[in-house]
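Report on the following structure.
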Amino acid sequence: MASPLLIPDSAEQLLIAEDRKELLRFTTAGSVDDGKSTLIGRLLYDSKNVYLDQLESVTKASEGRNAGPIDFSLLTDGLRAEREQGITIDVAYRYFSTPKRKFIIADTPGHEQFTRNMVTGASTAELAIVLVDARKGLLPQSRRHAFISALLGIKRIVIAVNKMDLVGYSEEVFRQVELDFGKFLAQFEDLQPYFLPISALLGDNVVARSEQMPWFTGRSLFEHLESVPATDRAAGAPFRFPVQRVIRPDLDYRGYAGQIASGSLRPGDRVVVLPSGRASRIKSIVTFDGEKAEAQSPESVTLLLEDEIDIARGDLIARAGETIEVARSIEATLVWMSEEPLDLRKRYRLKHNTRLEWAEVKKLHHRININTLEHEPAHRLEMNEIGFIHLEVPRALYFDPYKRNRTTGAFVLIDPFSNSTVAAGMIAGVAKPAFEERASLRPVRIEERAARLKHRGAIVQLGSREGLADRLERSLFDRGFTVVRFRQWAPEWKQALLDAGLLVVVNDSALPACAIETAGSRVDFDESAALPANEVAAAQLIGDALEKAGVFVADPELAESEGI
């Protein structure tokens, strides 16, 4: 009897092998008409990563164009406007695979008008290909793209000198571009450039080494992409887990869902929760497929802790003992993406991981000239300009400098009126205090205190219920609120504490009434609603009453998903 075919097992083994392959994300950039889309199309075609029906469609669309039988740029230029104008406008992502490795390509636009799209495409890349037209040499736009690649933490850059066929495959032309670009790239730390002469249209040095340029003995582009280290820097960084959502299907289950920003974690690892600073251990790591023995970036998981801690969306779970920066004032490099220029008098919304905060750009230190890298004085940033800023937020951010962690070191600024993203930022570090610059500012208003503390002032009188006072104080403190405790009380303290915006828990047996007092209202629980004897239920009731009284200041909502 013939043996049965093991097709399911073979397919499963194939999927496992594919999943274990290394992934390299890379981006392409350069000036208009340098041949970026043609290069990617040729790379896909020569590496046998184009489906037959797609090839037939592109061959038909290539009729009447001056690009040979197949216009390889059409394999990536998907928008109608791109095909009509012959340029890349949007970021085109393409996936392909070889027996050695998986790749995700971000084909980014070359025109200065779409530099912001290039920032988007390069933000997750580990390698950048910057094309240079051999006939034109080093152009300002090529400098801009190389600078942005270095700014976004990309250490490996391929300088692909394209259209070598149009200069007779001249080694002299290639060496001149290598010399000019090499001087520019020497200004960046730890950059690893690889200069490569190619002809994207004819395929020279794209997949196979060119016979037309025997003077070049280096690897082809395809060989370089397969051999360059595909390190995932996030996986080796300290563990960072921004909480996206708290999952409570019942009273006995409390899970914290989100995507691991960096690092790895196992059950039993000791962690700390920010901003409260409470410590615990990982009880279990849950996914759709069940519990895991280990999870790492960029997996999306739900964490269960051994201790019951008050954690909310926007909090950060980090491994205990691993240093993280905490500051309200930061310095950052800002890429401006909006047609409306940066306004130092305007407040913006800052999106950092899963947190949303108000932010003010206190100072624009300088604008960066991308051609010379010189620092120029400036009072505003126009679209596609890059500057170095001093930024402040009401509540402290917990972050890593962008050079160490591209996820926790990045943020975006959002216009609160249009909801549009106006800038992308890379955090350099904690800003130095500038007290002399603030000496002339207006006095601090009660509304400003409330915006920073995320609550208004309130006094909670609990009489002799000391256990309830302990629980309420801890609950408010773990939520990041500024709460103080008094065991003796004097009425003359009330106004000063309310004006300071503090949450005050009073546990004085001389005040038997249980009440909440704010600047404009008072709630007596003995009269309007009796407090339960159960301390958990009583603390919950007081929290609800504080929220109903408008004590807690909620951030204005933006249109965003809460995830799971």
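Give me the base-10 log of I(q)/I(0) for segment 307-366 at each q in 0.24 Å⁻¹, Debye formula, one uniform scatterer per Cα, rounded to two decimals. Debye intensities relative to I(0), on a log10 scale: -1.24. The lysines whose alpha-carbon is closer than 21 Å to the alpha-carbon of LYS363, local same-chain residues fewer than 8 away aside, are LYS346, LYS351, LYS432.
Please state, rounded to one decimal and in Å, the Kirkwood hydrodynamic radius that segment 320-465 gives when every pair of distinct Cα atoms enters the mean of 1/r. Averaging 1/r across every pair of different Cα atoms and inverting gives 16.7 Å. Per-residue Cβ neighbour counts within 10 Å put ARG319, ARG20, ARG367 in the sequence ARG20, ARG319, ARG367, beginning with the fewest. The amide H of LYS283, built 1.01 Å from its N in the peptide plane, has GLY268, LEU304, LEU305, GLU306 as neighbours under 5 Å, considering only residues 5 or more places off or on other chains.
Remark on ASN353: its backbone amide H falls under 5 Å from none of the residues 5 or more positions apart or on other chains, H modelled at 1.01 Å from N.
Using only Cα atoms, figure out Rg for segment 279-403 and give it as a multiple of 2.2 N^0.38 Å. Don't skip to the end; give the middle numbers.
Values: Rg = 19.2 Å, N = 125, 2.2 N^0.38 = 13.8 Å.
Output field value: 1.39.
Straight-distance candidates among the lysines for linking to LYS283, with alpha-carbon spacing under 24 Å and chain neighbours fewer than 8 residues away dropped: LYS292. The 3J(HN,Hα) values that the Karplus relation (6.51, -1.76, 1.60; θ = phi - 60°) gives for segment 375-383 are, in residue order, 8, 10, x, 7, 10, 7, 10, 8, 4 Hz. Gly and Pro appear as x. Based on the Kirkwood approach, the hydrodynamic radius assigned to segment 447-548 is 13.5 Å, with every pair of different Cα atoms included. Between the amide H of ALA423 and those of MET337, LEU413, distances stay under 5 Å, these residues lying 5 or more places away or on another chain, with hydrogens modeled in the peptide plane. Loop-located trypsin sites (Lys or Arg not before Pro) across segment 438-499 with a Cβ neighbour count of 16 or fewer within 10 Å are ARG445, ARG487, with loop assigned by DSSP. The spread of Cα positions in segment 240-319, taken along each principal axis and listed from longest to shortest, comes to 26, 26, 21 Å.
Taken together, the values in this text are just the output of simple stated rules run on the coordinates, not laboratory data. Since the structure is predicted, the reported quantities are computational estimates derived from the model, not experimental observations. Every residue, glycine among them, receives a Cβ derived from its backbone with ideal geometry; neighbour counts consider all protein chains shown.
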